[in-house]
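FYI, it's all coordinate maths here, none of it is from the lab. Just so we're clear, the structure is a prediction, and the values are computed from it rather than from any experiment. Cβ coordinates were reconstructed from backbone atoms using ideal geometry, including for glycine residues, and neighbour counts include every protein chain displayed.
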Amino acid sequence: MTALARYARLFAIQLRTSVLLALQYRVEFVVQAIMSVFWTATALVPLLALYDRRPSIAGWSRDEALIVVGFFTALKGVLEGAIQPSLGAVVEHVRKGTLDFVLLKPVDAQFLVSTSKLDVFKGVHVLTGLGVIGWALHALGRAPGPLAIATALTLFAVGALLLYSIHLLVVALAFKVVKVDNLSFLFSSAYDAARWPSSVFRGAFAIFFTFVLPLAVMTTFPALALLGRLPARSLALALGLGVAFGLASRAAFQRALGSYTSAGG
């Protein structure tokens, strides 16, 4: 069995375990679905209020901006359903000194901790986000071609990688600074800015939300791809940032593991 096939099988096992656990609380699926619709509605209110007074904001019409909100909502599902539950558990392991049980297993520690806990019900956010995108495209009267859809999906995956990498960098700090919850809450608050098209930010904010905390890459770039307005250099920038953040977070986590002294250390 190749390494890729082995890890795919391990991920399937982790996912199956999470699904079986979730099925024990089926009522929660209905609750999550209702909360997802409610949360999305609250995200739409400020946008719709602004567009009620003007037809365009920073070069974006209301329906075009709704596509950004759709990607924002879908990535929120990835963040709360896959990234935060698993990586949040790492912080608890470090606090309690129980990370030893993970490190002793004959598998890559980063892979294991990143897939150890999945909240499948949060996937409702992904479906809600896709629904908003479909609604917006229907209102615009546009049907993106295969290339545009493939590019948007690629950028969505890059956005998920960026979210994961940023959280992994925060988790790496937990090996040195026990209390990192405030950083996670700070990022969650900052992520709310991703619901707006990146062109509404100017000057230093535009640079910050593109290169330092690349929210624009996560939500605005996929929307531009669907609309057929994404420059090739922006696609290259997004791919480059994804690789850079991924490698940096991997290096930081491996270095943090090297400094871990375990419960008996």
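Which one of 160, 190, 136 has the biggest mean-square fluctuation once the chain is modelled by GNM with Cα springs under 10 Å?
190
Could you list 111, 201 so that the one with the fewest beta carbons within 10 Å of its beta carbon is first and the one with the most is last? Display every interim value, and only then the final one.
Working: 111 13, 201 19.
Fewest to most other Cβ atoms nearby, the residues stand as 111, 201.
How would you rank 119, 192, 52, going from fewest to most other Cβ atoms within 10 Å of each one's own Cβ?
Least crowded to most crowded, the residues run 52, 192, 119.
Pop a pseudo-label 7 angstrom from the Cα along the beta-carbon direction at both residue 105 and residue 52 and give the gap in nm to one decimal.
5.0
I'd like the orientation of helix 62-78 relative to the chain: the angle between its Cα long axis and the longest Cα principal axis, in ° from 0 to 90, rounded to 10.
10
Which of 214, 197, 146 moves most in a GNM of the chain, Cα contacts under 10 Å?
146
Mind checking which of 162, 87, 20 has the largest fluctuation in a GNM of the chain, springs on alpha carbons under 10 Å?
Of 162, 87, 20, the most mobile in the Gaussian network model is 20.
Which number comes out as Rg/Rh for the chain once both Rg and the Kirkwood Rh are worked out on C-alpha atoms?
Numbers: Rg = 19.5 Å, Rh = 19.7 Å.
Here Rg/Rh amounts to 0.99.
Going by how many other Cβ atoms sit within 10 Å of their own, how do 219, 73 line up, fewest first?
73, 219
Sum up the lysine pairs in the chain that clear both bars: alpha-carbon distance under 26 Å and a spacing of 8 or more or different chains.
12
Just the number, please: Stokes-Einstein D of region 46-171 in µm²/s, Kirkwood Rh from C-alpha pairs, 10 °C, 1.306 mPa s.
Translational diffusion coefficient: 95 µm²/s.
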